Amino acid sequence: MTERSKMLRKLSAVEFAAHELHVYLDTHPGDNSAGAALDKYENQARKLRSEFESKFGPLTPGDDGSRWAWIADPWPWDKEES
């Protein structure tokens, strides 16, 4: 697995955890430990996204201020198989 793939997998897991905590907190707003965990995962996701984008470029259109930068190589079919 490439470094890029590993970083995307880790970012995806952290963002998933943050999303699930948001859903949980919708029905359990008084759970302070879940709120603290949400803050932790959101901060971690921000750091991972920033690190990924500094190494590999933007994840979504407009992240770097250039409308078309996100379509730069490599395309998924241009990548090596893991």
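Each reported figure results from applying straightforward, stated rules to the coordinates on display, with no laboratory input. Everything numeric here is computed off the predicted structure, so don't read it as measured data. Using ideal geometry, Cβ is built from the backbone for each residue, glycine included, and neighbour counts are taken over all protein chains shown.
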Check your understanding: residue 16 to residue 55: FRET efficiency via 1/(1 + (r/R0)^6), r the Cβ-Cβ distance, R0 25 Å, to the nearest 0.05?
Key -> 0.75
**Study point:** Candidate lysines for bridging to residue 10, where Cα separation is under 17 Å - those fewer than 8 sequence places away on the same chain excluded
**Key:** 40, 47, 55
